[in-house]
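Q: Below you will find the structure I want to go over with you.
The values are calculated or read from the model by the stated rules, or taken from the named source; none is laboratory data. Quick caveat: nothing in here was measured; it's all calculated off a predicted structure. So basically every Cβ, Gly included, is an ideal-geometry build from the backbone, and we count neighbours across all protein chains shown. Heads up: the accessible areas ignore ligands, DNA and RNA and are worked out on the full protein's heavy atoms, side chains in. Shrake-Rupley method; radii C 1.70, N 1.55, O 1.52, S 1.80 Å.
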Amino acid sequence: MATVLELPPSPCKPARGGRCWLGSFPPAFSPGRLLAPVVAPPMEHGLVNCSSPASFSHRWRQRDSPRRHTVVQCDTSLSATTISESAVVQGCTAPLVHALQSAAAQDVSCFHFPGHNRGKASPSSLSKLIGPGAFLHDLPELPELDDLFSPKGVILDAQKLAAELFGSSKTWFLVNGTTCGIQASVMATCSPGDYLILPRNCHISVISALVLSGAVPKYIIPEYNSGWDIAGGITPLQVDKAVKELEEDGKRVGAVLVTSPTYHGVCSNVQGIVSVCQSRGIPVIVDEAHGAHFRFHDSLPSTSIEQGADLAVQSTHKVLCSLTQSSMLHMAGDLVDVDKVSQCLQFLQSSSPSYLLLSSLDAARAQLSENSNIFDEPLAIASKTADQLRVIKGVSVLDLTCFSSDFPAIDPLRITLNASDLRLSGYEADDILYEDHQIVSELVGTRAVTFAVNLGTRLQDVKKLVKCAEHLSEKYFFANSSKLIIENRVSNPLENIYVHLTPREAFFTKKRRMNIEDSLGEICGELICPYPPGIPVLIPGEVVTHDSLSYLMNVRHQGITISGAGDAELNSILVCNL
């Protein structure tokens with residue numbers, strides 16, 4: 001039975017976007033603009049105390065009730081697992097998509113942001129490019145669309161449906177990409193001075209998380225194949241060794257972070273790493289940006305949540321079909337404080353989240369729910385393509401035999417080619433494929449080119465890739481046989497790492513700029529990262545070594561994009577003043 005408390009009328013109290021959440025609702029909140037025809041008894045100035053998320057959604061779906069001064073309080077605890085009626089209204093399997101569609105269809109006079117006013121004033125050049133529908137559905141945090149940071153309606157429903165599908169106890173939708181999920185995971189588990197055990201080939205977002213959290217890195221050097229210029233995963237034995245070293249020194253381990261799969265699809269033994277950490281009460285965070293699809297076919301590797309990870313961050317926009325920049329953070333178990341994760345995400349995400357991004361996550365989840373065999377065709381295409389490429393003279397395909405470590409799997413939808421036997425660098429092969437054959441790869445490196453097969457990959461596209469690889473072989477196998485390669489094996493830039501300052505200390509230290517050729521032995525003051533793949537060669541606080549310097553000189557010579565460095569041409573570098 002709802003408890004009613006009489007409240008006097010109060011002046012508007014603005015929240016995000018200048019809207020009123022307490023007191024008298026403005027005309028834009030009138031019952032005529034709400035969603036479904038659910039009628040409740042009239043109440044004046046009432047405070048409704050409800051026990052489930054379903055009750056919250058009722059408030060926004062009333063058409064005929066004159067309750068224009070009602071404030072609703074709901075139980076948002078993890079134990080409240082009921083999906084509200086909005087999740088199944090009119091048979092819709094994507095509650096947030098349905099709510100966005102309904103809100104955009106309302107015939108209302110709008111006095112809210114954004115300024116294009118549901119497309120009425122959209123820039124014509126962009127409107128012609130993407131159509132008016134995108135602007136019409138580019139809505140702010142209207143009441144019926146719920147609040148990302150305190151979800152009680154359709155966002156909560158959508159997140160619960162995602163958690164159920166992905167096998168987690170709780171799922172958060174992310175609009176600042178997997179980057180903010182990584183940052184929030186580290187901040188929620190590591191206090192300043194705690195140690196974070198992590199692979200040195202981690203993504204750039206992990207380094208920013210170290211700066212934000214004040215955690216101290218304990219790097220694990222992954223296995224590195226110089227012939228491919230590709231780093232693999234890390235092993236449970238390496239993690240156990242790192243934990244014991246810190247324990248012997250009396251240091252506190254806040255968390256262990258694993259990148260699995262890597263950009264090239266190499267998976268680590270997450271289950272073994274969890275076994276090392278679980279008995280010690282150390283949470284395991286997995287950067288699973290490239291593995292959001294793993295749960296949806298028996299031929300794919302196990303997900304990190306299935307293997308016992310505490311937190312897993314996935315880029316739903318990579319192999320799955322949400323919009324770019326949208327991701328999900330999944331939690332399992334009770335080792336990590338759920339409220340702290342939520343608080344960190346609120347610090348790190350925009351206070352004006354895009355409902356196009358949010359609804360795309362809901363739609364991508366629904367797409368998977370409705371198609372149990374959705375990855376049959378992409379996997380068949382990828383397998384046949386890899387087999388055809390392997391027999392081409394001078395072309396190699398990355399597989400587990402390229403590593404001595406016992407890594408459990410490589411993502412079969414990630415095809416990485418090496419054309420070194422054709423005396424072609426990865427960059428040269430990629431340029432030929434793009435400029436001569438209009439084939440666009442996902443990732444290019446000094447030795448290899450990576451192609452991502454996904455749900456939209458067409459048979460004619462992979463046939464074209466195989467045909468063009470055959471063309472490369474025919475053209476260059478004999479023609480380049482006498483071509484000299486200045487350096488057949490690149491040096492491992494991650495092998496000899498010397499940390500003088502933590503990333504946070506280096507970030508806030510005064511710096512000076514100097515010629516990069518003269519920087520040997522200096523303490524790096526900026527993040528220097530060839531992108532893609534987004535793996536830093538130098539991190540703030542590390543000593544500039546001969547290996548890192550020679551690798552960067554090689555990258556600069558080949559004209560590769562550098563992220564993080566103030567001088568994108570890498571003629572100079574920021575170093576710390578000490």
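Q: If we keep just the residues of the range 401-420 that are without any contact (Cβ under 8 Å) to a residue 60 or more places away in the chain and touching a strand residue (DSSP E or B) at 6+ places or on another chain (Cβ under 7 Å), which is farthest from D229 (Cα to Cα)? Break it down into steps so the answer makes sense when it comes.
A: First, pick out the residues of the range 401-420 that are without any contact (Cβ under 8 Å) to a residue 60 or more places away in the chain: 401, 415, 417, 419.
This time we only want the ones that are touching a strand residue (DSSP E or B) at 6+ places or on another chain (Cβ under 7 Å), so: 415, 417.
Numbers: I415: 15, L417: 12 Å.
Checking each candidate, the answer is I415.
Q: Continuing with this model, one more query. Scan A255, A242 and give me the residue that is assigned by the TED database to the domain that holds N201 and part of a strand (DSSP E or B). Even if it seems obvious, please write down each step before you answer.
A: On the way: A242 fails: part of a strand (DSSP E or B).
Residue meeting the stated conditions: A255.
Q: Still on this structure: Of the residues that sit in the range 192-234 and are of a type in the set (D, E, K, R) and touching a residue at least 60 places away in the same chain (Cβ under 8 Å), which one is surrounded by the most Cβ atoms within 10 Å (Cβ to Cβ)?
A: Of the residues in the range 192-234, the ones of a type in the set (D, E, K, R) are 194, 200, 218, 223, 229.
Within this subset, residues satisfying the condition of being touching a residue at least 60 places away in the same chain (Cβ under 8 Å) are 194, 200, 223, 229.
Values: D194: 18, R200: 20, E223: 19, D229: 22.
It comes out as D229.
Q: Which ones in the range 263-280 are within 17 Å of the chain's Cα centre (by Cα) and either open to solvent by 10 Å² or more (accessible area, probe 1.4 Å) or free of Cβ contacts under 8 Å to residues at least 12 places away in the same chain (or both)?
A: Residues satisfying the conditions are Y263, H264.
Q: Also: Restricted to the range 235-244, and to residues that are free of Cβ contacts under 8 Å to residues at least 24 places away in the same chain and either in contact with a Phe, Trp or Tyr (Cβ under 6 Å, 6 or more places away or on another chain) or surrounded by fewer than 19 Cβ atoms within 10 Å (Cβ to Cβ) (or both), which residue is nearest to D411 (Cα to Cα)?
A: Going residue by residue through the range 235-244, those that are free of Cβ contacts under 8 Å to residues at least 24 places away in the same chain are 237-238, 241, 244.
Keeping just the survivors that are either in contact with a Phe, Trp or Tyr (Cβ under 6 Å, 6 or more places away or on another chain) or surrounded by fewer than 19 Cβ atoms within 10 Å (Cβ to Cβ) (or both) gives 237, 241, 244.
Values: L237: 22, K241: 27, K244: 31 Å.
Among those residues, the one meeting the criterion is L237.
Conditions (1) within 23 Å of H98 (Cα to Cα); (2) aliphatic (A, V, I, L, M); (3) over 18 Å from the mean Cα position of the chain (by Cα), marked per residue:
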residue: E306; (1), (2), (3): no, no, yes
residue: L320; (1), (2), (3): yes, yes, no
residue: M328; (1), (2), (3): yes, yes, no
residue: S351; (1), (2), (3): yes, no, yes
residue: Y355; (1), (2), (3): yes, no, no
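Q: Report those helices (runs of 4 or more DSSP H) wholly inside the range 122-232 carrying at least 1 residues which are farther than 30 Å from V108 by Cβ and touching a Gly at 6+ places or on another chain (Cβ under 9 Å). Break it down into steps so the answer makes sense when it comes.
A: Values: elements: 124-130, 132-136, 154-166, 177-189, 204-213.
Where helices (runs of 4 or more DSSP H) fall fully within the range 122-232 and carry at least 1 residues being farther than 30 Å from V108 by Cβ and touching a Gly at 6+ places or on another chain (Cβ under 9 Å), they are 177-189, 204-213.
Q: Next question. Could you check Q278 against (1) under 26 Å from T457 (Cα atoms); (2) modelled with pLDDT under 95 and say which number it fails?
A: (1)
Q: Looking at the range 560-574 only, could you name the residues that are open to solvent by 40 Å² or more (accessible area, probe 1.4 Å) and free of Cβ contacts under 8 Å to residues at least 40 places away in the same chain? Full working, then the answer.
A: Quick first cut of the range 560-574, residues open to solvent by 40 Å² or more (accessible area, probe 1.4 Å) only: 561, 564, 566, 568-569, 571, 574.
T561, A568, E569 - these are the residues of the range 560-574 that are open to solvent by 40 Å² or more (accessible area, probe 1.4 Å) and free of Cβ contacts under 8 Å to residues at least 40 places away in the same chain.
Q: Hey, another quick one. Against the conditions (1) closer than 20 Å to G227 by Cβ; (2) aliphatic (A, V, I, L, M); (3) not in a loop (DSSP other than H, G, I, E, B), where does I535 fall short? Just the number, please.
A: Checking I535 against (1) closer than 20 Å to G227 by Cβ; (2) aliphatic (A, V, I, L, M); (3) not in a loop (DSSP other than H, G, I, E, B), the one that fails is (3).
Q: With respect to the numbered conditions (1) closer than 18 Å to K340 by Cα; (2) without any contact (Cβ under 8 Å) to a residue 24 or more places away in the chain, which one is the sole condition not fulfilled by T189?
A: Going through (1) closer than 18 Å to K340 by Cα; (2) without any contact (Cβ under 8 Å) to a residue 24 or more places away in the chain one by one, T189 breaks only (2).
Q: Based on what the data block shows, is D461 modelled with pLDDT of 95 or more, crowded, with 19+ Cβ neighbours inside 10 Å, at negative phi and of a type in the set (D, E)?
A: Values: modelled with pLDDT of 95 or more: yes; crowded, with 19+ Cβ neighbours inside 10 Å: no; at negative phi: yes; of a type in the set (D, E): yes.
When the stated conditions are applied, D461 does not pass them.
Q: So, one more: Output the residues belonging to the range 120-140 that are within 15 Å of L96 (Cα to Cα) and open to solvent by 10 Å² or more (accessible area, probe 1.4 Å). Give the derivation first.
A: Going through the range 120-140, the residues within 15 Å of L96 (Cα to Cα) turn out to be 137-140.
Hits for the range 120-140 are H137, D138, P140.
Q: Out of (1) out of contact with any helix residue (DSSP H, G or I) (no Cβ under 9 Å at 6 or more places or on another chain); (2) touching a residue at least 12 places away in the same chain (Cβ under 8 Å); (3) surrounded by fewer than 18 Cβ atoms within 10 Å (Cβ to Cβ), what's the single condition that is false for K251?
A: (1)
Q: Could you give every pair whose Cβ atoms fall below 8 Å, whose first residue belongs to the range 321-350 and is free of Cβ contacts under 8 Å to residues at least 60 places away in the same chain and of a type in the set (S, T, N, Q), and whose second residue is open to solvent by 20 Å² or more (accessible area, probe 1.4 Å) and not in a loop (DSSP other than H, G, I, E, B), counting only separations of at least 6 or pairs across chains?
A: Close Cβ pairs satisfying both conditions: S322/L357; S322/A363.
Q: Say whether the condition of being over 19 Å from A366 (Cβ atoms), hydroxyl-bearing (S, T, Y) and open to solvent by less than 30 Å² (accessible area, probe 1.4 Å) is met by at least one residue in the range 168-177.
A: The answer is no, given that none of the residues of the range 168-177 is over 19 Å from A366 (Cβ atoms), hydroxyl-bearing (S, T, Y) and open to solvent by less than 30 Å² (accessible area, probe 1.4 Å).
Q: Just checking, how many residues over the range 421-472 are assigned to a helix (DSSP H, G or I) and of a type in the set (A, V, I, L, M)?
A: Residues of the range 421-472 that are assigned to a helix (DSSP H, G or I), as a first pass: 421-422, 426-437, 459-472.
Then drop every residue that is not of a type in the set (A, V, I, L, M), which leaves 422, 429, 432-433, 459, 462, 465-466, 469, 472.
Number of matching residues: 10.
Q: If you take the residues in the range 535-559 that are open to solvent by 40 Å² or more (accessible area, probe 1.4 Å) and among the aliphatic types (A, V, I, L, M), which one is farthest from R200 (Cα to Cα)?
A: Top of the filtered list is M553.
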